[in-house]
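The values are calculated or read from the model by the stated rules, or taken from the named source; none is laboratory data. It should be emphasised that the depicted structure is a prediction, and the values quoted were computed from it without experimental measurement. Virtual Cβ from ideal backbone geometry, glycine too; neighbours counted across all protein chains shown. Side chains included, ligands, DNA and RNA excluded: accessible areas come from the protein's heavy atoms. Shrake-Rupley method; radii C 1.70, N 1.55, O 1.52, S 1.80 Å.
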Amino acid sequence: MEEDLIFKKATLALGGGIKLPEGFEIPVRVSHSTSGPGAGGDSVAFSFHGMRVKKSVSYDRGEFELHERDDGSLYLTHQGEPFIDEIRFDPVVYHCPEQAFFTLDPRCSFGCAFCASPRLPAADYKGLTDEDIAKKCLDAYNEMHVVAVSLTSGVMDNDVDRTANRFISCIKAVKKVLPDIRIGIEPYAGSESQIKAFKDAGADEIKLNIQAATPEIFAKVCPDLDRENILRCLGHAVRYFGKGHVTSNIIYGMGETHEDLEKCMCQLCEIGVIPTVRSLRHNKYNGESLKKAIGEPAPVTPEEMVEVARIHKDVLSRYGMDTRTCKTMCLECGCCDLVPFRDL
């Protein structure tokens, strides 16, 4: 049963949208994301058997179809066949269930080929101030179950210092109204002093992304970034935030082998960083840039997602690490990936 559910989550996470019954009223707020795999789209979160996914929904079409029983319970079919016997909507706070996750600024000077955020329509830039975000966090905390606040951002005008200062001011604004809330951040950091300043401001966890499994792929998809400096900053981050509270994305599906992935995971674990292993998603915003950088990527299959997640879990176990030490951001949310020790 567990194996079947793991494969079903992978199928759902990588597949198309969910068609809703005619006249069905969505019981939760629809989320519009400006970061992550679903950037640029509207979606809702679902939970089933202890697992979570975020999916786009439509009344017109979908690879999956939601059905409602006479007693109000919900189930999913896939291409007309029974798929998930019981599923429910999971309310999103902001971007995530149980988290207020904000993008400070989706615009970015760096040209990472896979990132949809800076390629979104201008109307998607919400221009929230620190005070706006702090108020939204406080209101959400008073109205919903909120376990963390998480922050991410692009880097405007190649000004890493200015972006770092924005993280610091926003962390302080949130801590002023919610002094005990956990805060996770996903910045682009350029120096040890910035990382120390994030911690001193009140951040509890940090994600600095290595992005690609090999230096060669990194150079193609992130030509404006310095991979060696990211690795140095990850080492600094472990010293300030502690082992188990520093994470780093590795995106797979860009031409690397599973051996490449495992080697990169081990490299991160050796310095006390938890890899966040994420399958490549391509859409109308990043499709052209990905094609120019790495050619037409082959879609990640559910079978591959499950295999990579098992490699991920094995590597973490070898190094005595566990995703459950992370209480913010992607590993806590779990909607987009198979997360070791949570899903399998």
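Residues that are of a type outside the set (Val, Ile, Thr) and either within 18 Å of residue 7 (Cβ to Cβ) or in contact with a strand residue (DSSP E or B) (Cβ under 9 Å, 6 or more places away or on another chain) (or both): does region 285-298 have at least one?
Keep residues of region 285-298 that are of a type outside the set (Val, Ile, Thr), which gives 285-293, 295-298.
Keeping just the survivors that are either within 18 Å of residue 7 (Cβ to Cβ) or in contact with a strand residue (DSSP E or B) (Cβ under 9 Å, 6 or more places away or on another chain) (or both) gives none.
Taking every residue of region 285-298 in turn, none turns out to be of a type outside the set (Val, Ile, Thr) and either within 18 Å of residue 7 (Cβ to Cβ) or in contact with a strand residue (DSSP E or B) (Cβ under 9 Å, 6 or more places away or on another chain) (or both).
Tell me the helices (runs of 4 or more DSSP H) entirely within region 250-332 that contain at least 1 residues that are open to solvent by less than 50 Å² (accessible area, probe 1.4 Å), modelled with pLDDT under 95 and over 28 Å from residue 100 (Cα atoms). Because the criterion is at least 1 residues that are open to solvent by less than 50 Å² (accessible area, probe 1.4 Å), modelled with pLDDT under 95 and over 28 Å from residue 100 (Cα atoms), the helices (runs of 4 or more DSSP H) in region 250-332 that meet it are 287-294. The set of residues from region 226-249 being in a loop (DSSP other than H, G, I, E, B) and not acidic (Asp, Glu) comprises 242, 243, 244, 245. For region 167-192, a residue qualifies if it is open to solvent by 40 Å² or more (accessible area, probe 1.4 Å) and more than 22 Å from residue 249 (Cα to Cα), and the qualifying residues are 169, 172, 175, 176, 177, 179, 180. As a summary of the residue check, residue 340 satisfies the conditions (1) open to solvent by less than 50 Å² (accessible area, probe 1.4 Å); (2) modelled with pLDDT under 95; (3) assigned to a loop (DSSP other than H, G, I, E, B) except for the one numbered (2). Every residue in region 47-100 that is in a loop (DSSP other than H, G, I, E, B), more than 30 Å from residue 181 (Cβ to Cβ) and of a type in the set (S, T, N, Q), please. If the condition is that a residue be in a loop (DSSP other than H, G, I, E, B), more than 30 Å from residue 181 (Cβ to Cβ) and of a type in the set (S, T, N, Q), then 73, 79 are the ones that fit.
Within region 194-225, restricting attention to residues that are without any contact (Cβ under 8 Å) to a residue 12 or more places away in the chain and under 20 Å from residue 264 (Cα atoms), the residue that is least open to solvent (accessible area, probe 1.4 Å) is 218. Once region 61-103 is narrowed to residues that are open to solvent by 40 Å² or more (accessible area, probe 1.4 Å) and among the aromatic types (Phe, Trp, Tyr), the residue that is farthest from residue 344 (Cα to Cα) is 94.
So if I check each of 139, 157, 132, which one is at pLDDT below 95 and not in a loop (DSSP other than H, G, I, E, B)? First the steps, then the outcome.
Working: 139 fails: at pLDDT below 95; 132 fails: at pLDDT below 95.
Selected residue: 157, the only one of 139, 157, 132 that is at pLDDT below 95 and not in a loop (DSSP other than H, G, I, E, B).
Applying a threshold of 8 Å to beta carbon distances and a minimum spacing of six or more residues, or different chains, the list of pairs starting in region 46-60 at a residue that is farther than 15 Å from residue 95 by Cβ and open to solvent by 60 Å² or more (accessible area, probe 1.4 Å) and ending at one that is charged (D, E, K, R) and not in a loop (DSSP other than H, G, I, E, B) reads 49/86; 59/19; 60/19. All told, residue 278 falls short of being free of Cβ contacts under 8 Å to residues at least 40 places away in the same chain and not β-branched (Val, Ile, Thr).
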